[in-house]
1. Is there a residue being in a loop (DSSP other than H, G, I, E, B) and surrounded by 20 or more Cβ atoms within 10 Å (Cβ to Cβ) anywhere in segment 264-282?
2. If you scan segment 182-222, which residues turn out to be small (Gly, Ala, Ser) and at pLDDT 95 or above?
3. Could you grab me the full set of residues in segment 249-285 that are hydroxyl-bearing (Ser, Thr, Tyr) and over 19 Å from the mean Cα position of the chain (by Cα)?
4. I'm trying to understand the selection: among the residues of segment 241-257, which are touching a strand residue (DSSP E or B) at 6+ places or on another chain (Cβ under 7 Å) and in a loop (DSSP other than H, G, I, E, B)?
Amino acid sequence: MDRLVSAASRIAHRGYNLVAGPRLSILIYHRVHARADTVFPDEQDAVRFERLMRFVARSFTVMTLSRAVSALQRGDLPPRALVVTFDDGYADNAEVALPILQRCGLAATFFVSTGFLDGGRMWNDSVIEIVRACRHGAIDLEDFGFGRCSLAGLAERRAVIGRLLPHIKYLQVGEREDAIARLHKLSGLAELPDHLMMRSEQVRQLHQAGMEIGAHTVQHPILTTLAPTEAEHEITAGRNRLQEIIDAPVDVFAYPNGKPERDYDHSHVELLRRLGFAAAVSTAPGVARIGDDFLQLPRFTPWGPALVTWATRLLVHQTSTSYEVAVAPRG
């Protein structure tokens, strides 16, 4: 069945590209769990991700972002071109995703926020892990404007996380930290995990394995909440740290959270241009074409529990001119 789906996908893409010209699909991922996550079962796990990557390897020409953009600029993008990207710098990218990519003969682009390397933790993961591990059957979130919330089961915990994440996301970095500290105190937990993000040597391992490393700021702030000098520091300091780690240039970037005009704006695009970045990606759904702004490339993920659903959504998305795509619960 998987090979039939792959053959159908290749034929459909070939026919469409003859009419519409070459298009570049850029997929966005965050985590690949070793086993299915109980709180977020729709997130990728090793078994599901390997099946998808085997399909991708048979059906597409997979490239790193910089190689794909260079080909798009030259006008010689290969048929069914596709880029696989990962955001944030999770340890499972190196521990779980990398071996799968290697078995499938694929290279990917990893955008890493350097402030969480070597034992750090992203704010959204603090929220997730606090609510996941809280031993209370309910939690009083009056301080966050939500009142008393049930934590009786996984669905209730998922709902609480779904309310807290957008509430905290657009706070300044310091305000986020204060909010997490208050939430942590309410939960009664002593410690939170410190192994979720990559160590510096794992970033180096990805690079040495032929993967591309891209910048993703230091602390993953919403750029539009920062003063111009703060935004430039986040971008350049993150890039410089990655270049120190891998001893190689870092020329691609992913905007944190990535919604155009809400999470970043024209000033940040021009800043990247001035800093000499070759390409940058947003989270606006779409596919890249010749003539697009290479510092605002769209990305998407065709969610679906079955390969045939995933493959169909990928095809429909790549050949459509309007996009409605579900997004992951992470920034």
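The values are calculated or read from the model by the stated rules, or taken from the named source; none is laboratory data. Source: prediction; values computed, not measured. Note that each Cβ is placed from the backbone with ideal geometry, even for glycine, and that neighbours are counted across all protein chains shown.
1. yes
2. Correct list: Ser200, Ala209, Gly210, Gly214, Ala215.
3. Once the filter is applied, which keeps residues that are hydroxyl-bearing (Ser, Thr, Tyr) and over 19 Å from the mean Cα position of the chain (by Cα), segment 249-285 yields only Ser267.
4. Val250, Tyr255, listed by residue number.
This table checks each residue for (1) part of a helix (DSSP H, G or I); (2) more than 29 Å from Gln208 (Cα to Cα); (3) at pLDDT 95 or above.
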| position | (1), (2), (3) |
| --- | --- |
| Ala68 | yes, no, yes |
| Gln73 | yes, no, no |
| Thr85 | no, no, yes |
| Leu98 | yes, no, yes |
| Gln102 | yes, no, yes |
| Phe110 | no, no, yes |
| Val127 | yes, yes, yes |
| His136 | no, yes, no |
| Val160 | yes, yes, yes |
